[in-house]
1. Tell me which residues, restricted to segment 57-106, are out of contact with any Lys or Arg (no Cβ under 9 Å at 6 or more places or on another chain) and charged (D, E, K, R).
2. What about T79, is it part of a helix (DSSP H, G or I), surrounded by 21 or more Cβ atoms within 10 Å (Cβ to Cβ) and not acidic (D, E)?
3. What pairs come up if the first residue lies in segment 1-22 and is in contact (Cβ under 8 Å) with a residue 60 or more places away in the chain and hydrophobic (A, V, I, L, M, F, W, C), the second is open to solvent by 70 Å² or more (accessible area, probe 1.4 Å) and in a loop (DSSP other than H, G, I, E, B), and their beta carbons are under 8 Å apart, counting only those six or more places apart or on different chains?
4. Of the conditions (1) surrounded by fewer than 18 Cβ atoms within 10 Å (Cβ to Cβ); (2) touching a residue at least 40 places away in the same chain (Cβ under 8 Å), S261 satisfies every one except a single condition; which number is it?
5. Let me confirm something: among D221, D208, D243, D228, which residue is touching a Lys or Arg at 6+ places or on another chain (Cβ under 9 Å), at pLDDT below 95 and of a type in the set (D, E, K, R)?
6. Filter segment 249-267 for residues that are outside any loop (DSSP other than H, G, I, E, B), out of contact with any helix residue (DSSP H, G or I) (no Cβ under 7 Å at 6 or more places or on another chain) and aliphatic (A, V, I, L, M) and give the result.
7. Test each condition in (1) closer than 29 Å to A288 by Cα; (2) part of a helix (DSSP H, G or I); (3) polar (S, T, N, Q) for Q17 and report the one that comes out false.
8. Which residue pairs have Cβ atoms closer than 6 Å, lie 6 or more positions apart in sequence or on different chains, and pair a first residue in segment 33-53 that is more than 17 Å from I225 (Cβ to Cβ) with a second residue that is open to solvent by less than 10 Å² (accessible area, probe 1.4 Å) and among the acidic types (D, E)?
Amino acid sequence: MRVVIALGGNAILQRGQSLECDVQRKNIRKAAKSIAKVARSHQVILTHGNGPQVGLLSLMNDAYKDVKPYPLDALGAQTQGLIGFMFEQELRNQMPGHQVCTVSTQTLVDPADVAFDNPDKFVGPVYNRGQSDEMLKLNPNWIIKADGDYFRRVVPSPQPKEILEMPSLQHLISSGEITVICGGGGGVPVTRTAEGQLEGIEAVIDKDRASRVLAEGINADAFIILTDVKAVATRFGHPDSRDIRCATPEVMDTFGFANGSMGPKVEAATQFVRNGGKMAAIGSLEYAAEILTRHSGTVICNDLVGGVSYY
């Protein structure tokens, strides 16, 4: 099978952890072990988040006053190289002799997207209330919003329209033998001018939405979103909440998941199935192989009698 795996940023840097490189390397090594269980039997195309990393680069950027701060698109490109390098190395260590390749990608967006009027994509480390107030004093142009019990910077997250490297990716993946790492952070956000020239833009694209575009473009058999929960809950945190085992896209629509958390993941997974994908799933990184065989996670598909089942 050809499987697109979209890995959440929490797998690289967990909430509250230090932004040290060694910490990220340790987490990536652990993630690579789980992904390798799938890649040994199936062709994997791996995408990943970059929120903590692009946020860290932004802070480092701002601290050095002798150079004008680099824009978010340039920082996003840097994270693709950083995270891709570490994942490629760890996957090679897990699968000696296996071909692994990292590709930097650009994602076309509409500069008139409403996301630019209401930034909601979390980037960077988490802050408590006091730290949040201090960061706003130091960076008056930032927007910071609540993220659970913490606070984080938010930036625009426009809808992905096209992955510019798609023809090259299709050619690379057609061999069926290469594990490809691409679409890091949703891809570097770019727009086209009236003259047709490409330009970067200040934004961070949701990696799950961009991964769905990728999965459709390469005709993936399965699209799996790995995060820090074993399954999607109907009402997370409520006493009557239930973990969903399998559901059709139509049933998933009825639950109304929050846009700031599970919403974009469910949206991307259901859209992939609606557009002809065989199956999509959301679940824990630890159980990646079991999710693919439908023994873990929340599977979204059209071939389910009754529309939904629970754990």
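1. Of everything in segment 57-106, those that are out of contact with any Lys or Arg (no Cβ under 9 Å at 6 or more places or on another chain) and charged (D, E, K, R) turn out to be D62, K65, D66, K68, D73, E88, R92.
2. In short, yes.
3. A11/D228
4. All conditions are met except number (2).
5. Just a single option satisfies the conditions, and that option is D228.
6. V251
7. Checking Q17 against (1) closer than 29 Å to A288 by Cα; (2) part of a helix (DSSP H, G or I); (3) polar (S, T, N, Q), the one that fails is (2).
8. none
The values are calculated or read from the model by the stated rules, or taken from the named source; none is laboratory data. In this text, all values refer to a predicted model and were calculated from it rather than measured experimentally. Ideal geometry is used to build each Cβ from the backbone, glycine not excepted, and the neighbour counts take in all protein chains shown. We work out accessible area using only protein heavy atoms, side chains counted, and drop any ligands, DNA or RNA first. Shrake-Rupley method; radii C 1.70, N 1.55, O 1.52, S 1.80 Å.
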